[in-house]
Amino acid sequence: MIILVSEPRGDSPKAIRAYRSLGKVYFLPELRASARKRIEQSADILVAALKHRINKQWLDAMPRLKVIAVNTTGLNHIDVADAKKRRIAIV
């Protein structure tokens, strides 16, 4: 399983360990441009913070995405309708 973390600064070490227990974890700010596209295309889970607006462009770049995990109280930064249409769970 491939987990892409959009903004890791807000996640606790315990959360990072939990992600790693599920599979290979990549941190978006640390990815080189040459690797980003490959990782996005193979990502199963996206951990999304408020910094990024998860819209159609993001979802198109991640065809294997199954789950968007958010550590926020709202979902206004995620295109929920498009995610639902693609059968991507938001947790």
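If amide hydrogens are placed 1.01 Å from N in the peptide plane, which non-local residues have theirs closer than 5 Å to the one on ALA49?
Placed amide hydrogens put SER6, GLU7 under 5 Å from ALA49.
Measure up LYS14/LYS84; LYS24/LYS84; LYS14/LYS85; LYS24/LYS85; LYS51/LYS84 against 23 Å on the Cα-Cα distance and list the ones that go over.
On the way: LYS14/LYS84 29 Å; LYS24/LYS84 25 Å; LYS14/LYS85 32 Å; LYS24/LYS85 26 Å; LYS51/LYS84 21 Å.
In this structure, LYS14/LYS84; LYS24/LYS84; LYS14/LYS85; LYS24/LYS85 lie more than 23 Å apart at Cα.
Of MET62, MET1, which has the most accessible area with a 1.4 Å probe, and how do the rest follow in descending order?
So, going from the largest accessible area down, we get MET1, MET62.
Using Cα extents along the principal axes in Å as the read-out, say which of (i) 31, 31, 22; (ii) 38, 26, 16; (iii) 63, 30, 20 was calculated from these coordinates.
Recomputing Cα extents along the principal axes in Å here gives the entry labelled (i).
What list of ³J(HN,Hα) values in whole Hz, one per residue of the range 82-89 in order, does the Karplus curve 6.51 cos²θ - 1.76 cosθ + 1.60 (θ = phi - 60°) give from phi, with Gly and Pro shown as x?
5, 4, 4, 4, 8, 6, 9, 6
Quantify, in whole percent, the carbon and sulfur part of the accessible surface of the chain (1.4 Å probe; protein heavy atoms only). Show your work: numbers first, answer last.
Values: 3080 of 5720 Å².
That fraction is 54 percent.
With every protein chain kept in place and ligands, DNA and RNA left out, what is the accessible area per residue of the range 1-57? Probe 1.4 Å, answer in Å². Kindly include the intermediate steps, with their values, before the conclusion.
On the way: 3590 Å² over 57 residues.
Accessible surface, normalised per residue, equals 63 Å².
If you average the sequence gap of Cα pairs under 8 Å that are 6 or more apart and divide by the length of the chain, what percent do you get for the contact order?
Working: 135 pairs, mean separation 25.9, N = 91.
RCO, the chain: 28 percent.
Using a Gaussian network model of the chain with C-alpha springs under 10 Å, which one of ILE45, ILE78, ILE16 is most mobile by mean-square fluctuation?
The residue with the greatest mean-square fluctuation here is ILE16.
The values are calculated or read from the model by the stated rules, or taken from the named source; none is laboratory data. Treat the numbers as computed from the prediction; the structure is a model and nothing was measured. Protein only, heavy atoms only, side chains kept; ligands, DNA and RNA dropped before computing areas. Shrake-Rupley method; radii C 1.70, N 1.55, O 1.52, S 1.80 Å.
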